[in-house]
Structure formats: C-alpha cells, structure tokens
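The values are calculated or read from the model by the stated rules, or taken from the named source; none is laboratory data. Treat the numbers as computed from the prediction; the structure is a model and nothing was measured. Here Cβ is always computed from backbone atoms with ideal geometry, including for glycine, and neighbour counts include all displayed protein chains. Each accessible area value is taken on the protein alone, full model and side chains, heavy atoms only, with ligands, DNA and RNA left out. Shrake-Rupley method; radii C 1.70, N 1.55, O 1.52, S 1.80 Å.
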Amino acid sequence: MYEHDVIVVGAGGAGLRAAIAAHEEGADVAIVSKLHPVRSHTGAAEGGINAALREGDSWEDHAYDTMKGSDYLGDAPAVETLCKDSPKETIQLEHWGMAFSRDDDGRVSQRPFGGLSFPRTTYAGAETGHQLLHTMYEQLVKRGIKVYDEWHVTRLAVSDEDDPEDRTCHGIVAYDVQTGKIEGFRARNGVILATGGLGQVYDHTTNAVANTGDGVAMAYRAGAPIEDMEFIQFHPTTLPSTGVLITEGVRGEGGILYNKHGERFMFEYGYANNLGELASRDVVSRAELTEVNEGRGIEDEYVHLDMRHLGEERIVDRLENIIHLSEDFEGVNPLEAPMPVKPGQHYAMGGVETDENGETCITGLYAAGECACASVHGGNRLGGNALPELIVFGKRAGHHAAGKDMKDAEITTGKVGDYEPADVESPVQLGEAGLGGDAVADGGATADLSGDEVVQRALDDERETIEHLLEKEDGIQHAEIRERVQKSMTEHVNVFREEEALKDALRDIREARELYQDVYVADKSRTFNTDLLQTLETRNILDIAESITVGALARNEFRGAHWRKEYQERRDEEWLKHTMLSWNDGEPELWYKPVILEGENKTYEPKIRSY
Amino acid sequence: MSQSYNRGLIEDFGRWREFSAGMWAWIFHKFTGWVLVGYLFTHIAVLSTALSGAAPYTNTIQALESLLVVRILEVGLLAVAVFHILNGLRLLFVDLGVGLEAQDKSFYASLILTGVIVVASVPTFLAGVSI
Amino acid sequence: MAERYTSFEPGGTRWLWQRLTAAFLVIVLAFHFFLLHFVNHADEVTFAMSQARMQELTYFSLMILFLVTATFHGVNGVYNALVNQGLSGSRKTAVKAILGIASLVLIVQGVRTAIAWAGGVPI
Amino acid sequence: MSTQVPEQVEDESSAESVSPGKQKRDAKKRERAERLQEQREAEAAEKARTADDTYHLKVFRYDPEVEGKQEPRFDDFYVPYKQGMTVLDALMWARDHYDSSLTFRHSCRQAICGSDALFVNGSQRLGCKTQLSDLSEPVRVEPLPHADVVKDLVVDMEHFYDQMEAVEPYFQTNSLPAEDEEQRQTRENREKVKMSTRCIWCSACMSSCNIAAGDNEYLGPAAINKAYRFAMDEREGEDMKQRRLEILEQEHGVWRCQTQFSCTEVCPKDIPLTEHIQELKREAIKNNLKFW
Ligand SMILES: Cc1cc2nc3c(=O)[nH]c(=O)nc-3n(C[C@H](O)[C@H](O)[C@H](O)COP(=O)(O)OP(=O)(O)OC[C@H]3O[C@@H](n4cnc5c(N)ncnc54)[C@H](O)[C@@H]3O)c2cc1C
Ligand code: HEM
Ligand code: SF4
Ligand code: F3S
Ligand code: FES
C-alpha cells in the first residue's frame, strides 16, 4: 500500500493545480493518473481563460455574465469565487512562464468571447489549454511532486455509514497499467478527484477517448451526490469523423452553413433570422440536427460549413489552423471544398456536488475541474470559463485538503437543509443490475474500521472484481455495450430531448446494464491491458449515461443547454433548483436543492437570456 | 517493471531504406571523411619517398601514376573529396542557420554537382595514362 | 527524475575548430587540386617541380598549414564520430592517445618531407 | 477473417457450482452474449468485404505474456474505409471489431496529447493525424523504433521523459513583479519561442534520430527544444541563460546533434528542431568566446 497526505486523481489542469497547491501547504502529495499528465485533455482547449484583468473590467461584471450565461442555475458563491480568484490565478500562470499571446505593450492579450460583456478571455494563440497544461506540469517537475503515471484509479475507499454525509474517504484503489498490479493508496488527509469530462458517453464528442467520467461515477457509487447531470453542452461545428472542434471563429469571420440543397438554412428555414450562423451554440446545433432529421442533411449526417468565399488570404491570415485541422482529420481542404460539420458533445456542466472549497459531503473527498459541479456553469457554460475553474477550484481543493484554514463554505453539500425529495417516472428499473453494493464494501459496517482497513477492504474487493473479469472465458465484449449506449445517447439524449426518446434511452441503458453482467475481457495479459481498462470504463459510462437521462427526463423545462420538446421555455417558478442524484447502494434516488442566487453584494435576478 | 522487447541493433541501421535526405548526407559525409583521412595518411607516406632523394620519388610517383587503377582510384578520390567539400559547405551553412528549409535540396544539389564535376574531370585525370 | 548532468565539458571548442578548419580547407584544397591535377597534370609530376614550388616561403608555409589543419580536421572528425557512437571511458582515452600520436607522426613526417624537398627551411 | 492467430481457440469454461436456476439464467445470458458477439464479428467481416474500399493494415504484435505473441509478428487487418479515416481510426476499428487485445496508446484524437506516435510505413507519425488515403497499401504500423516495446504498439516512454526532465524544464526568473501584475514580454520574443512551446512530448523526433539511437544519454531534439524554449525567453534573464547553456553544453548535449534533420521532418507540430539546436550551438560558442 502506498501512503500520502493528499492524493490527487487525474493530472489535467485541475489535478495539477490541486497538487501544486497542496504541496505549497507542505503536504506530501501524489498524483495518480491513468494518462501521463501532458496527455490530459486540458491540452485540447483552444480559446482562453476568462479573467477580469484590465481597467474597465471587474470581477462583478464577469460574475454577472456568468450567472446570465448559466441561465440562473449557477450558485452565486461559487460564481463569485471563480470571478474574484481568476485574475490572480491567471497572473500566477504568467509568473510560471506560460506563453500567453502579448499585446504591443507586452501585457497578456485578451479577446472577446461569446456571452461576455468585456473582452476578458486571456489566451495563448489557439492553444491556451496546451500552454496551461504544460506550464503547470513544469511546475510539478520543479517541485518534484510524485506522479503515479499510467495508474488507472478504479475505486474510492470510503467507509460505509448509512448517510453519505457521515462517510470518510480514506484512499483509492488503482491498477498499474504497465504491470497489471492492483494497489491501495492511503490518503491521510484527502482524495481530490480531477478526472475531467465524460464525453465518451456519446459517440460523437470533442472529448478525448480517456474522458469516460470515471471520477463522477466513482464518487457517485461511493455515495456522493451528483448534480445537474442533464446539462450537456453541444458544439455545433465539429468534424463528423472525429469530433474535432472547428472554432466558432469560422462563423465569426463569415463562414456560412449550407444544407444538402445548398440552402443557407439558418435563414431559409427561419432558425435565426437576425443572427443566422452567429446565433448561440444550442440554437445552431438544433438547427443543424433539424436539417438532418428532415432529410436535408448531407449523407444523412452532417451539413456544410463553407468559408471559401472569404478568400485564401484572409483564411490563411486568421484561420490557418482550421485548414490543417480539416485536412488532417477529415481529409478535406477547406480552401477547395466546404467542411462537413455536425453537433458534438463538448462539455458537462454537471458533476460531483462540491462547495466552493471543492469539498463533497464525504469527509476527505474533494472534486475539482470538469468532473465537479460547484456549480459555476449552471445550465450552460460560457466559453473560456472552464479553464479558470480548473485553476481556481483546483487550488482551493488542494489547499483545503492539505489542511489550510479556509473560510467556511456557503454552499451546502449532501442532503442537508431544505432539499426536496423527488421521483422520476422511469419505464425500467434504474441502477445496478445484479452486481449489488459496490463502492461501499459489501455486507457490513466498515464504520469502525481504521482508514488502512477501509483501503485494504476496497483493495480486496477490487482485486476480486478484476480477477473475475480476467478469468471469465466468454461472454460479451465491452465495445459492443459501449457502442450501444453511445449510439442511444446520441440518438435520444442529444440536443433534442423528448419524453419518449428519453425513456427509450433508459430502456437501452437497462439492456446494456444487463449485458454488462456478462462482460468478459478477451485479452488475458497483465501487461498494458487496455481491453480490461476500457471494460471498467464502460461501467462508468453506463452509470453516467443513466444519470444524464434521468435528469433530462425529470427536468421538464428548457433551460440553458437542456431543451425539452414538451416544455419549450424556462420555468423559473418550479425549476430554480439543482437536479441531484444519489446512488443509494445501487438504486438512484432523485432529489432537488435550491439554487443560490444571493451573491456577496447583490442578488442575481433571473432575466431572459438574450444576446 | 514488466518485460519489454528490445528490437536491438537492427533498429539502428537496418532501416536504411527509410532514411531521409539528411541521414544519407550524414552517412555519406562520414564515409567520405574517413576515406579522406585514410588518403591523407597514404598520401604523406607516398610523398615521404622524397626523403630518400629525388630519383626514388619521381620514380614512385610516375610508376604509380601510370597505372590505370591508380588513376581510377584518383577519380574516386576526387568524387569523395568533391562531395565532402560540397556537403561540408552545406553543413557550414546549416551551422550558420542559413537555408535550413532547403537542406534536402542542397544535399541533392551536392550529389548532382559532384557527379557533374567528376565526369567533367575524367579526361584530365586519365590523361597520359598507359594501359 | 533523471540525474542532472553536471559535468561541464565545453565540447564547443573542438566543434568550432572543426568548422573553422573546414572553411580554410575549402580554399586550400581547391587550390591544391587545381594546381596538381589541372595546371600540372599528374603524370608529369617530378621531384624538381615540387622542389621549385617548395622553395617559395609562401607555398611552403601554406603547405605546412594545410597539413596541420587537414590533420586536425580529419583526426578530430574521426574522434568525434567514435565518441558519437558511444565510445567512452578508458577506451576513449586510449583512442584519444592513439589518434594524437598518429597525427603527430603524420605531421612530423609531412614536415620532414617538405623540408627535404625545399632542401632546408626556405627563408 | 485473417485477423486472429489461428491457434487462439478458446476452451469451454468449466461449469461453476451455483444454483441450477442461476446456471440456467447465466447460460441464457451467455448464449445471448455470444450470439451478439458472433453477430458483431460477422457483421464486421461483412462490412469489410462489401465496403467499396477497404484498407489493408499490417500491425506489429508482441506481448511478453501471451503465448504466440512472445515472438513478435505482424497481423493483417482489413478495415472498411470511410472518408476522413485516419490510421488511429483504423486501429480502433480493428480493435473494436476484430481483436480487443490490440493495444496502443491514444486519447485526444486531435494531435494534441502526443500519445500515438507510431512508425507508419517507415516514418514516425501520429496515428490520429495521418489520413489513410495518403498512404500506400498495405499500411505497415509498428511501434516507435529505438524504444523498448512493452506490448504491441506501446513503447516504454520513461527514457524520453527522463531526458525531457533533465534540462530543468521550468521557468526560472528572479525579477517577478507584484502578485497581481504580469511580467512584460515583447511580441517578438513570444514569437521567437512560440514554435518551441508547441511540443506535445510525442517522442517522434527522438525515435527518428540516429544519434539518439546510438547514444542513450544524448538529450535528444525534444529536450533541447524544451531548453531552447526557456533559454530564449527574455523574461528569464542572463544568468539563467548562462546556466541553461551549461546544461546544454555538456557532453551529451547539443554537440551530439549531427544535423540529420529527421527530427524536424517528423515533428507533427512542425517545430524547426534542427534550427533551434543549431542556434543553441552558436549561442554556446558565443558564450564561451566571451571568456577568451
Ligand atoms: C476541444 C475543447 C476545447 C475547449 N476549449 C476551452 C476553452 O477555450 N476555454 C475553456 O475555458 N475551456 C475549454 N474547454 C473545456 C476545458 O478544456 C475542460 O473542461 C478542462 O480542460 C477539463 O480539465 P480537467 O483538469 O478537469 O480534466 P482533464 O484535463 O480531462 O484531465 C483529466 C485527468 O484525469 C485523469 N483520469 C481520468 N480518469 C481517471 C482514472 N480513472 N484514474 C486515474 N486518472 C484518471 C486523466 O488521466 C487526466 O489526467 C475545451 C474542451 C474541449 C474538449
Ligand atoms: C575541403 C573542405 C572540407 C570541408 C568544407 C569539410 C567539412 C567538414 C565538416 C563541416 C565536417 C563536420 C561534420 C560534422 O561534424 O557534422 C567534416 C567532418 C570530417 N571531415 Fe571534412 N571537410 C573538408 C575536408 C576534409 C579533408 C581534407 C579531410 C581529410 C583529411 C576531411 C576529413 C573529415 C573527417 C574524417 C570528418 C569526420 C566525419 C565523421 O563525422 O565521421 N575533411 N568535414
Ligand atoms: S519536438 Fe515534435 S516530434 Fe519531438 S516530441 Fe515534441 S512534438 Fe513530438
Ligand atoms: S535527427 Fe538528430 S542529429 Fe540532430 S538534427 Fe535532429 S537531433
Ligand atoms: S491521439 Fe492524441 S496525439 Fe494522437
């Protein structure tokens, strides 16, 4: 068993920042990550980091924009923390040498971004995430922080008191990818989850193959509630074969969307008579899908984004990287032909419920980054608000876990205060099929076990699960199950959501869960067994897919990225509340908690979201 | 750590088919360099027959120079030297950071130019040889 | 983390000399070739002709310098190539010594020949 | 399909000692699962056969633990082609439809994580950034040369990481402004280091360099480029540059580079590696000349 004060799971922007912060506080910290840190998906972020750095801008404005963008589902204390801390954290990155783009006077450059009232998106070319990730990894190397690289975390070691609020997280169990060794990691102070996105729930996503929502699923199964899972952001212009993102900049510069008949559908069919291609992400995504559904899509799958009329000179000058992206990943030269594009999953607003210090309701369990829901993004994330979330809340979680004295959080976690129990009308049984209680050790109180014993117990259980998977000689392979879920989610729980389709999705997920009972791993090798790891990930995908769908079915309104056919408007009287889901030993339980709109100095009154 | 498979030394030079211009240039430059040092030593050895007087020297030289093999070897030496010089110039420019984008073209140019110079010099080099 | 490399050994000096001698050699070698193969044809070379040239101080010193630079350039090149192929430790020291001696012998022999030609150092 | 090793026939699993009811249910479930699996493989084969265009891949296989794979071999996969398909897509398709034990690193699918540098038809490339249509068949896919193979296409990256981390790859400055104020940097200077900051640690360059292959201690183009990124950053200051040049000048540093250019040719991020190395050599010389 390995032992450290603080264990950070995941080495993307959030994980690295948390580790550095814990180290600053003098904790013995280690990172356990299934990918080498520089391989994390934070590297893919292009746009920038929102931070109110300049005269004429203020954190209050940033907070206002964020609240409005969230469609009033963000919690003000978290939003204000984000906006207040972001400038300092962004400058911190600069002091660590991050290669930001520069203005003539040598200051870091900022640019305008959708939904922002001030150009406050601080950027480094079209590779802000890459620069951020590498800069922070460099700081990690400088500090000599231990990284268990290519160790796949499979389970949290949490005690099993009845109420999640009474539980404590003592460590994790991880699988060494290179050697096939399964080991326990004891965390004396705390475990910080920073496992990133969950895009692999869909078959078409801008997320990496490693973004399988592991952290969210593990925390969920350990009893931590998950929040607002139905809010998934779809990006309207991604390349069909890979999901690679084509920046909004193309439309910003004047790129035009066409359907099969060469019609400029945004206008022709009245999706956005004023803004056309420049309407917000969700509007454009829905328009594209309507075209395809009504038979006007190309190859029944995508539409065309054409920028040839801008002229080669202008394209090369402003959008050069798009030429490479389209050629390398789609085989289409955008100077000669229109680019095929379609909507793709992009970001998960929901995640593990935390307060503004990154803590969950389970003592010693923290979450930060995309896997967490503090919540700053509410119903819809503004471009450029995820990266500051990583550095702001990553740092806070790191400090808190390392024992730094912090102000008590205003956001509550777990079922305390005025929560509202609820039910969802599911056509099938939800939750685990057969496997039974899992995150929490089976059959009996570990409540009076020592921390070491809890970890040992989780380790033994996990060894058994993995041995079982490897010993099994036949059955079904995970790829089949995963593909079914991904397809169903893309078909039924996409930008269009209607009751029957959502129920179909639940049925499909149930069926997949049952199939999963028979999953086996064909590759019996202990060395770099990606077959086994993906099989484990697929289980997380099942739990996450279900939580998204349950949330979507329950929330009968249109808010932020969540659109319901039956209720095409925001319904504030009923729905100014977060969708919460607790695992409850294999049986999902739905409940709600109110949104906090009262900020430090003012209350954010819901207004119509129009730009 | 788990076992791992080392593909061994074949890896190092067994992939010559896949070498790029720069690698060939490196190999040729090495080869020609070594030939030139080799020649330098032999050359001085031959020339030092002069230490034993004028006659032995003139005899040795003329005996050698009248042999066709020697003449052919000399043409070879010329080729080697010319390539080494041209590619050496290419390398000097590379070291100065000049024309890096055209490094492959300049290598091909060195090769071609070497060929041309050598062919053009053959008559001179073979002049007066007795077969 | 890997051990930090601390042994500070400026490999730059020899690198620089390799370039400088190369630049010098381009000129002298071209001259040498031209003179001995194109102006005077190889089969016409005689001791007397060489003697005549060698008695010129400029030519004599140029040839000595030529010899020294070529030797340095060639031998240093060989040494570098070997080191790049992973020569190290005591074998490296041995090779260094052998190459050093060989160069010395070469230069001494070359100078002796030149002096023999010129019939003494030309003044 | 000719994708599997012929001798890989699975044994029937022995019956377990569980209740007859469960056994029956299990058997049924298994049957269904098997049916699905077979169906899937048949469908895949059918797809490959009937597709207008299939690509033939020859993929290097090795696993130290699996009999039949201990001796490295090449497996053939036939993958139905779709417009825009990359080498990585083809590998994933082959893995998901023919042989789930086919192993390779990959994550972002957009040339930014640097996991999937492979040796494709004789040169180092990112699988995700290489269109099948640009390659001639059969497409030969091997793990990166000059590295130990862990399994199939996965190589041991430890040595590469060690080299990267040996050059003090972190910003060091002694003139930091106040906490809420950034350090200034000119546009020109940022432009100068820009390309060098693009490295994604894929190790393609290191794998392509003959010198690095011959000398294990050679820092290699990527690490030198990393050092360049800091040495040329004006925010770091003169004394730090001095220190960086000292690191680069050591025996296995910049002088090892023989300007073979293959690193520059294979770099998927188009970093002018040779140029950077050469510039550092000149900087080092200048630096030494000062003391004469
Ligand atoms: C194409 C794209 C462009 C974007 N552009 C922007 C932008 O311009 N501005 C902006 O603000 N945001 C942007 N975002 C969003 C933002 O980049 C992400 O939300 C953010 O990077 C997530 O960071 P993270 O640290 O939470 O997770 P990641 O960077 O995804 O890191 C997750 C880490 O967890 C590890 N991990 C996962 N599961 C396990 C496990 N089971 N065991 C061990 N380790 C595990 C992984 O190895 C990895 O190291 C973009 C996102 C995408 C996809
Ligand atoms: C006439 C002009 C010449 C030029 C421009 C020239 C140029 C160069 C250069 C630049 C190098 C360094 C290559 C490197 O380190 O990457 C080199 C190497 C070398 N040169 Fe020359 N050279 C010339 C003549 C000679 C002569 C006359 C000899 C023979 C004595 C010679 C023998 C060598 C050798 C042995 C090497 C080392 C090759 C290796 O790397 O293995 N060169 N030359
Ligand atoms: S320099 Fe280029 S080839 Fe080398 S590791 Fe970096 S990105 Fe890869
Ligand atoms: S391939 Fe190697 S020799 Fe130098 S130019 Fe690149 S490092
Ligand atoms: S998969 Fe990330 S670089 Fe290719």
Can you confirm whether residue D:200 is within 16 Å of ligand 1 (Cβ to nearest atom), open to solvent by less than 30 Å² (accessible area, probe 1.4 Å) and touching a His at 6+ places or on another chain (Cβ under 9 Å)? yes
Only one of these conditions is not met by residue B:16: (1) within 16 Å of ligand 4 (Cβ to nearest atom); (2) modelled with pLDDT of 80 or more. Which number is it? (2)
Filter the range D:239-278 down to the residues that are open to solvent by 20 Å² or more (accessible area, probe 1.4 Å), within 16 Å of ligand 2 (Cβ to nearest atom) and more than 14 Å from chain B (Cβ to nearest Cβ), then identify the one that is nearest to residue D:218 (Cα to Cα). D:252
Out of the range D:220-277, which residues are within 26 Å of the chain's Cα centre (by Cα), away from ligand 5 (no atom under 16 Å from the Cβ) and either assigned by TED's automatic domain parsing to the domain that holds residue D:112 or on the phi > 0 side of the Ramachandran plot (or both)? D:220, D:259, D:261
Within the range A:567-579, is even one residue hydroxyl-bearing (Ser, Thr, Tyr) and without any contact (Cβ under 8 Å) to a residue 12 or more places away in the chain? yes
How many residues does the range A:75-88 contain that are of a type in the set (Asp, Glu) and buried (at least 24 other Cβ atoms within 10 Å of the Cβ)? 2
Options D:141, D:149; residue that is outside the structural domain of residue D:214 (by TED's automatic domain parsing), crowded, with 18+ Cβ neighbours inside 10 Å and within 26 Å of residue D:54 (Cβ to Cβ): D:141
Only one of D:289, D:273 that is within 16 Å of ligand 3 (Cβ to nearest atom) and among the aliphatic types (A, V, I, L, M): D:273
Going through (1) in a helix (DSSP H, G or I); (2) within 12 Å of another protein chain (Cβ to nearest Cβ); (3) under 17 Å from residue C:22 (Cβ atoms) one by one, residue B:98 fails only at (1)
Lone unmet requirement of (1) near ligand 1 (Cβ under 8 Å from one of its atoms); (2) open to solvent by less than 10 Å² (accessible area, probe 1.4 Å) for residue A:42: (2)
In the range C:96-123, which residue that is part of a loop (DSSP other than H, G, I, E, B) and more than 13 Å from chain B (Cβ to nearest Cβ) is farthest from residue C:62 (Cα to Cα)? C:120
Anything in the range D:226-269 that is more than 9 Å from ligand 4 (Cβ to nearest atom) and assigned to a loop (DSSP other than H, G, I, E, B)? List them, or say none. D:232, D:233, D:237, D:250, D:251, D:252, D:253, D:267, D:268, D:269
Here the residues within the range A:301-342 that are within 22 Å of residue A:205 (Cα to Cα), open to solvent by 50 Å² or more (accessible area, probe 1.4 Å) and free of Cβ contacts under 8 Å to residues at least 24 places away in the same chain are A:324, A:327
Residue count, the range D:102-142 (criterion: facing another protein chain (nearest Cβ under 7 Å), modelled with pLDDT of 95 or more and more than 10 Å from ligand 5 (Cβ to nearest atom)): 1
Quickly run through the range A:96-120 and pick out the residues that are surrounded by fewer than 17 Cβ atoms within 10 Å (Cβ to Cβ) and free of Cβ contacts under 8 Å to residues at least 12 places away in the same chain. A:103, A:104, A:105, A:106, A:112, A:119
Answer residue from the range A:187-214, given it is surrounded by 24 or more Cβ atoms within 10 Å (Cβ to Cβ) and assigned to a strand (DSSP E or B) and is farthest from ligand 4 (Cβ to nearest atom) among those: A:190
Assess whether residue B:91 counts as being open to solvent by 20 Å² or more (accessible area, probe 1.4 Å) and either assigned to a helix (DSSP H, G or I) or within 16 Å of ligand 4 (Cβ to nearest atom) (or both). yes
Segments classed as helices (runs of 4 or more DSSP H), wholly inside the range A:265-342, with at least 2 members that are more than 14 Å from chain D (Cβ to nearest Cβ) and touching a Phe, Trp or Tyr at 6+ places or on another chain (Cβ under 7 Å): A:281-293
Somewhere in the range D:105-126, is a residue in contact with a strand residue (DSSP E or B) (Cβ under 8 Å, 6 or more places away or on another chain) and either of a type in the set (Ser, Thr, Tyr) or over 24 Å from residue D:264 (Cα atoms) (or both)? no
Which one is farthest from residue D:283 (Cα to Cα), of the residues in the range B:72-85 that are open to solvent by less than 40 Å² (accessible area, probe 1.4 Å) and more than 8 Å from every other protein chain (Cβ to nearest Cβ)? B:75
Within the set of pairs 6 or more residues apart or between chains, which connect a residue that is over 19 Å from residue B:26 (Cα atoms) and in contact (Cβ under 8 Å) with a residue 40 or more places away in the chain inside the range D:202-220 to a residue that is part of a helix (DSSP H, G or I) and aromatic (Phe, Trp, Tyr) with Cβ atoms less than 7 Å apart? D:203/D:160
Per the filter on the range D:88-104, residues in contact with a strand residue (DSSP E or B) (Cβ under 7 Å, 6 or more places away or on another chain) and either open to solvent by 30 Å² or more (accessible area, probe 1.4 Å) or within 16 Å of ligand 3 (Cβ to nearest atom) (or both) are D:93
Looking across the range A:343-365 at residues that are acidic (Asp, Glu) and assigned to a strand (DSSP E or B), the single one that is surrounded by the fewest Cβ atoms within 10 Å (Cβ to Cβ) is A:359
For the range A:517-538, does any single residue satisfy the condition of being closer than 30 Å to residue A:421 by Cβ, buried (at least 23 other Cβ atoms within 10 Å of the Cβ), in contact with a Ser or Thr (Cβ under 8 Å, 6 or more places away or on another chain) and modelled with pLDDT of 95 or more? no
Residue identified as farther than 21 Å from residue A:212 by Cα and in contact (Cβ under 8 Å) with a residue 12 or more places away in the chain among A:152, A:170, A:130: A:170
Selection from the range D:90-101 of residues within 7 Å of chain A (Cβ to nearest Cβ) and closer than 27 Å to residue A:299 by Cα yields D:96
Please indicate, with yes or no, whether at least one residue in the range A:460-478 is in the same structural domain as residue A:184 (by TED's automatic domain parsing), surrounded by 24 or more Cβ atoms within 10 Å (Cβ to Cβ) and part of a helix (DSSP H, G or I). yes
